[in-house]
Amino acid sequence: MKKWLVLFMSLGLTLALAACGSTDDVSTGSSDSKDKKTEEKKDDGSKKVDASSQSTEVLGMKVSLGDVKIMKDKINVGLNIENTTDKALSFYPDQGNAVIDSMQLSANMFLTDGEVGGDVQGGVKQEGVLEFSAPEGKEIDVDSVKEIKLNFGDINTEDFMNTKSVTLTVPVK
């Protein structure tokens, strides 16, 4: 009986947390999830920007953006990565940060939707939506955001002999 109660409570908590951090309307930019709109102001006061033109390749890891959704308390960033080498690369973008003007927002790895990062084996593609939370007690002025600097952290080779950081800047109109 206790097992069923624990299972039921765990399921309820999982569903409640999933509802709070819904990222369904943020594209990761992969070919099967691409939304064609470039910028969109939402009724809830948020703004969604198509950042799919922003990408880089670092040490054989392709890093590309999809949509960026700006809200008063957080930013959701659609991201897809591909390890183009035959060796594992370590990358933890869900531990990075975003900078808007003088405010730094930290990524929340527990609210990441999808699987992006870790030790990514050669040839593997991953995608997901990262959540960057505003500092407690602060709000983002959605209408005044002109650009977002995304610092995803370092990519390391399997032998840790090569390390390079990944930073992308998203212009917001």
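Quick notes
- Residue check, Ser90 at pLDDT 95 or above, more than 17 Å from Lys149 (Cβ to Cβ), touching an Asp or Glu at 6+ places or on another chain (Cβ under 7 Å) and of a type in the set (S, T, N, Q): yes
- Residue within the range 114-132 that is modelled with pLDDT of 95 or more, exposed (fewer than 14 other Cβ atoms within 10 Å of the Cβ), of a type in the set (Lys, Arg) and part of a loop (DSSP other than H, G, I, E, B) present: no
- Within the range 52-67, the set of residues being touching a residue at least 40 places away in the same chain (Cβ under 8 Å) and either among the basic types (Lys, Arg) or touching a Gly at 6+ places or on another chain (Cβ under 7 Å) (or both) comprises Leu65, Gly66, Asp67.
- Residue match in the range 156-170 (condition: under 19 Å from Ile81 (Cα atoms) and aromatic (Phe, Trp, Tyr)): no
- Boolean, Thr28 is in a loop (DSSP other than H, G, I, E, B), of a type in the set (Val, Ile, Thr) and at pLDDT 95 or above: no
- Candidate set from the range 100-113 (those that are assigned to a loop (DSSP other than H, G, I, E, B) and either among the hydroxyl-bearing types (Ser, Thr, Tyr) or surrounded by 14 or more Cβ atoms within 10 Å (Cβ to Cβ) (or both)); member that is modelled with the highest pLDDT: Ser102
- Checking each residue in the range 64-99 for being of a type in the set (Val, Ile, Thr), surrounded by fewer than 22 Cβ atoms within 10 Å (Cβ to Cβ) and assigned to a strand (DSSP E or B) picks out only Val99.
- Filter result (closer than 14 Å to Thr167 by Cα and aliphatic (A, V, I, L, M)) within the range 45-59: Ala51, Val58, Leu59
The values are calculated or read from the model by the stated rules, or taken from the named source; none is laboratory data. These numbers come from a predicted model, not from an experiment. Because the Cβ atoms are built from the backbone with ideal geometry, glycine has one as well, and the counts that use them run over all protein chains shown.
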